[in-house]
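Beneath this line is the structure, given in structure tokens, with notes to follow.
The values are calculated or read from the model by the stated rules, or taken from the named source; none is laboratory data. Please read these numbers as outputs of a predicted model, since none were measured by experiment. Cβ atoms come from the backbone with ideal geometry, glycine included; neighbour counts cover every protein chain shown.
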Amino acid sequence: MTKAEELKREILEKTAEYYRLVQEPKQQAAFEPGKSRVNYAGRVFDEREMVNLVDASLEFWLTYGHWSRDFEKGLADYLGVRFALLVNSGSSANLLAFSTLTSPLLGARRICRGDEVITVAAAFPTTVAPIVQYGAVPVFVDVELETANIDVAWLESARSPKTKAVMLAHTLGNPFNVAAVKAFCDKYGLWLVEDNCDALGTKFAGRFTGTWGDIGTSSFYPPHHMTMGEGGAVYTDNPLLKKIALSIRDWGRDCWCESGVDNTCGCRFTKQFGKLPVGYDHKYVYSHFGYNLKATDLQAAIGCTQLEKFPSFVERRKENFARLYDGLHGLPQLRLPGLAPEADPSWFGFLMTVLPEAGFTRNDLAQHLESQNIQTRNLFAGNILRHPCFEALREGVDYRVVGTLDNTETIMNDALWIGLYPGMGAARLDYMVETIRAFCGK
């Protein structure tokens, strides 16, 4: 062993020791009801993530490299898809997924400005934002009260000659009826983009969500199912979509060489592209209007370890959901989550809707829980159409609404959710149940 190798080994051993001295006690601190904070989400990690992070930092490659490639392969293998691309956030993943479908390489199926995309208003904003930002037209339909997912009965009414795609999220890990949506898309030759950011590990009819459609997306922000701090991914089985997504992720370039590698195509100075001079350097030919959406190897190094643990995270989320559901089931003031028989959720949160006869409002319940140190969240935008970002948009021109959004309005006004992340522990879960039951007078 060289002196450098010995020093590196010592640094990594000290990193693990630092975790045990500093981070582990924080994670194992005793829970004090009413005093300890019950966060809706949190990071679950140990010394292995910190060791990988320091290991990658010592290499000092920093940008996309071998850790990123390892993570992409591991995620693709886990999901059973051919291709996964690491990006810098779940929102960027949605942007990349949608932008991929606007490529001229897709011919008549390309999404163009003015084309329509079916979605829901009870959404996180960055599921809808890429549609609007590109100049396509989101078509909003209502959701089911029990799942806060799309009511598939509206799909046929929402379709028009301009419809090119459906772009939807699986809400809080609870999958929408992806079999019905997929059948609808296949019937009419529409693209399906699954925003799987809140549902990694969820299955529907035995198949992972995010893999039913043409493109799936994930987020690795700290509250999500696994974390890199920031980060996300796009995945697909379609080689052409992968080629387009890789181009758009990496500045829009035509070249597919890795960073620091030249002439993978074997024709770097010998071909003509567009109206450029013959022999123009292929590394600087741009076939799409793209971005730099890559994550770093530092993030990917954390993700590689998180991915190894991921199946255990999914099981813990299921167990925590069951504990909350069993504890709160039967309260007449609250509607609890429902799911389709084919659904096997990897839960992100526990959704509750205050019923009209409850005698209190959603905000009453939320403020009480917060006063007891229990963190709450509304269901994201509630109804994205009511937010300031939509004030300058014209209904019937920039977006369409099909039918009523009555259930969306109910969720906006009356629903909230609490956490169930893997690091929560039985004491916190039981405290939330006891606090809610006491508030409801039960």
(message) Cβ contacts < 8 Å: first residue closer than 15 Å to LYS203 by Cα and at pLDDT 95 or above, restricted to the range 68-88; second residue β-branched (Val, Ile, Thr) and surrounded by 18 or more Cβ atoms within 10 Å (Cβ to Cβ), any location; separation 6+ or different chain. Result?
(response) LEU79/THR211; GLY80/THR211; VAL81/THR211; VAL81/THR236
(message) Which of the numbered conditions does THR408 fail, given that it passes all the others? Conditions: (1) in a helix (DSSP H, G or I); (2) surrounded by fewer than 21 Cβ atoms within 10 Å (Cβ to Cβ); (3) of a type in the set (S, T, N, Q).
(response) (2)
(request) Test each condition in (1) more than 30 Å from LEU53 (Cα to Cα); (2) over 20 Å from the mean Cα position of the chain (by Cα) for LYS203 and report the one that comes out false. (result) (2)
(request) Scan the range 214-224 residue by residue and report those that are surrounded by 24 or more Cβ atoms within 10 Å (Cβ to Cβ) and either part of a loop (DSSP other than H, G, I, E, B) or touching a Gly at 6+ places or on another chain (Cβ under 8 Å) (or both). (result) GLY216, THR217, SER218, SER219, PHE220
(message) From the list VAL51, VAL22, exactly one residue is touching a helix residue (DSSP H, G or I) at 6+ places or on another chain (Cβ under 8 Å), in a helix (DSSP H, G or I) and at pLDDT 95 or above. Which is it?
(response) VAL51
(message) Which numbered condition in (1) within 22 Å of ASP55 (Cβ to Cβ); (2) over 20 Å from the mean Cα position of the chain (by Cα); (3) part of a helix (DSSP H, G or I) is the only one that TYR325 fails?
(response) (1)
(request) Residue by residue through the range 233-254, note down the ones that are buried (at least 21 other Cβ atoms within 10 Å of the Cβ) and farther than 14 Å from ILE215 by Cα. (result) SER247, ILE248, ARG249, ASP250
(message) Quick check on the range 351-365: of everything there that is assigned to a helix (DSSP H, G or I) and of a type in the set (A, V, I, L, M), which residue is nearest to ALA415 (Cα to Cα)?
(response) LEU365
(request) For the range 87-127, name all the residues that are assigned to a loop (DSSP other than H, G, I, E, B), of a type in the set (Ser, Thr, Tyr) and touching a strand residue (DSSP E or B) at 6+ places or on another chain (Cβ under 7 Å). (result) SER89
(request) Inspect the range 254-268 for any residue being out of contact with any strand residue (DSSP E or B) (no Cβ under 8 Å at 6 or more places or on another chain), acidic (Asp, Glu), farther than 19 Å from TYR421 by Cα and in a loop (DSSP other than H, G, I, E, B) and give the result as yes or no. (result) yes
(message) Out of PHE310, PHE360, I need the residue that is more than 30 Å from GLY231 (Cβ to Cβ), at pLDDT 95 or above and of a type outside the set (D, E, K, R). Which one?
(response) PHE360
(message) I'd like to verify a number: residues in the range 69-100 that are surrounded by 18 or more Cβ atoms within 10 Å (Cβ to Cβ) and of a type in the set (Asp, Glu), how many?
(response) 1
(message) Where the second residue is outside any loop (DSSP other than H, G, I, E, B) and hydroxyl-bearing (Ser, Thr, Tyr) and the first is over 21 Å from ARG377 (Cα atoms) and lies in the range 150-177, which pairs have Cβ atoms under 8 Å and are six or more apart or on separate chains?
(response) ARG159/TYR188; THR163/TYR188; VAL166/THR119; MET167/THR119; MET167/THR127
(message) Contact list please: Cβ distance under 6 Å, first residue in the range 200-215 and under 23 Å from ALA245 (Cα atoms), second residue at pLDDT 95 or above and of a type in the set (Phe, Trp, Tyr), pairs at least six apart or on different chains.
(response) ASP214/TRP191
(request) Identify, from the list LEU420, LEU429, the residue that is part of a helix (DSSP H, G or I) and either free of Cβ contacts under 8 Å to residues at least 60 places away in the same chain or touching a Lys or Arg at 6+ places or on another chain (Cβ under 7 Å) (or both). (result) LEU429
(request) Please list, ordered by first then second residue, the pairs with beta carbon atoms under 7 Å, 6 or more apart or interchain, first in the range 251-280 and hydroxyl-bearing (Ser, Thr, Tyr), second modelled with pLDDT of 85 or more and surrounded by 11 or more Cβ atoms within 10 Å (Cβ to Cβ). (result) SER259/THR63; SER259/TYR64; THR270/GLY279; TYR280/PHE273
(message) Filter the range 204-237 down to the residues that are in contact with a strand residue (DSSP E or B) (Cβ under 8 Å, 6 or more places away or on another chain) and of a type in the set (S, T, N, Q) and list them by number.
(response) THR209, THR211, THR217, SER218, SER219, THR236
(request) Evaluate the following for VAL81: is it closer than 26 Å to TRP191 by Cα, touching a Phe, Trp or Tyr at 6+ places or on another chain (Cβ under 8 Å), part of a loop (DSSP other than H, G, I, E, B) and not hydroxyl-bearing (Ser, Thr, Tyr)? (result) yes
